[in-house]
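Read through the structure below, which is laid out as structure tokens, and then see the notes.
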Amino acid sequence: MIFRNTYHLTLLLAISLILPGCAGFSRYSQYRDSGPGRDVDVAHIPNAVPRNEPLSKAGNADSYVVNGKRYYVMQEKQRRNYVERGIASWYGSKFHGHRTSNGETYDMYGMTAAHRSLPLPSYVKVTNLANNKQVIVRVNDRGPFHPNRLIDLSYAAAKKLGITGQGTGKVELRTVMPGDNSIRLADEGAEDRPRVNESNKSDESKMYLQVGAFSDRRNAEALRNRLIQAWHGVQVDTGYRSHQKIYRVRIGPLASVDEADQITARLTARGFHEPHIVID
């Protein structure tokens, strides 16, 4: 009898170890991510409210490595002054209920997000550049690790911004701290203003793929000459980094994120390192 019980316990343990492997060798039960199985009204879900809280014990190493690439976590001064434009994506039911990088449980109906370098937790105002909708999210996770994505929003945050349908959107990120005047959102008090037909709004922002940035214009021109043999719209423009003039090599403007992703894949295959989307 003891032998039989021991055998049954061993068999159950073996099955429990095998079954997760049959599901794609992953702790996630879904192979592909998706939203909820029904339409959800997220209008009543409040924005995250910035508050003073200590950095999480998990997820805040000075640097970390994913897929062979090292990422660095921002210092406090960088966080306070952080403003960046790029492409937002979102994540949903595949990750719902699983651990985030700082040890919390991911809730796709919460106003949260994942970012590669902001300290955890941080608060960010996200503006959809296509329709000027805004939300405030609490960053409590790491990602996205796709080369052309800047932030991964929760399902609720993405739907409030209007990007769940197409999967991505052009956004501006701006960190907010407790007590900042910038916490006020563009659509607050909208009930007191005349209605605007959003279909008449035009997105004037332009998207480029930046392949390199140099302090010496000659190096930028040399890269442009290599690229122009295969791609149209290669240009060198001028910008500034830490008050230093730089020369940026860009392809564009581009019509879509899919086009940018395709060019990125081809550039990477040819040995060009870390091309990425920028939005002006």
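No lab work stands behind these numbers, since they all come straight from the coordinates. Bear in mind the structure is a predicted one, so any value in this text is a computation, not a measurement. Please note: Cβ atoms are built from the backbone with ideal geometry, for glycine as well, and neighbour counts cover all protein chains shown.
Where does each of Y240, Y91, Y109 land when they are ranked from fewest to most other beta-carbon atoms within 10 angstrom?
In increasing order of surrounding Cβ atoms, one gets Y240, Y109, Y91.
Provide the gained length on full extension for the span N52 to D280, in nm with one decimal, where the gain is 0.36 nm per separating residue minus the Cα-Cα distance.
78.9 nm
Mind giving me the FRET efficiency for R99 and H146? R0 is 22 Å, r the Cβ-Cβ distance, nearest 0.05 is fine.
Efficiency for this residue pair is about 0.60.
Looking only at segment 266-280, which residues have a backbone nitrogen under 16 Å from a spot 7 Å from the Cα of D203 in the C-beta direction?
Output list for this probe position: 277-280.
Could you sort the peptides 218-227, 267-276 by per-residue average Cβ neighbour count (10 Å cutoff), highest mean leading?
In descending order of packing, they fall as 218-227, 267-276.
A 20 angstrom limit on the alpha carbon distance is what I want to check against. Which of K69/K125; K77/K159; K94/K159; K125/K170; K125/K160 exceed it?
Violating the 20 Å limit, Cα to Cα: K69/K125; K77/K159.
Expected output is a single nm value to one decimal: the length gained when fully extending between A265 and N181, i.e. 0.36 nm times separation in residues minus the C-alpha distance. What is it?
26.2 nm
Would you list D141, D33, D237 from fewest to most Cβ contacts within 10 Å?
D237, D33, D141
Quick one: if the Förster radius is 45 Å, what FRET efficiency do N219 and R38 give, using the C-beta to C-beta distance and rounding to 0.05?
The pair N219/R38 has a calculated efficiency of 0.25.
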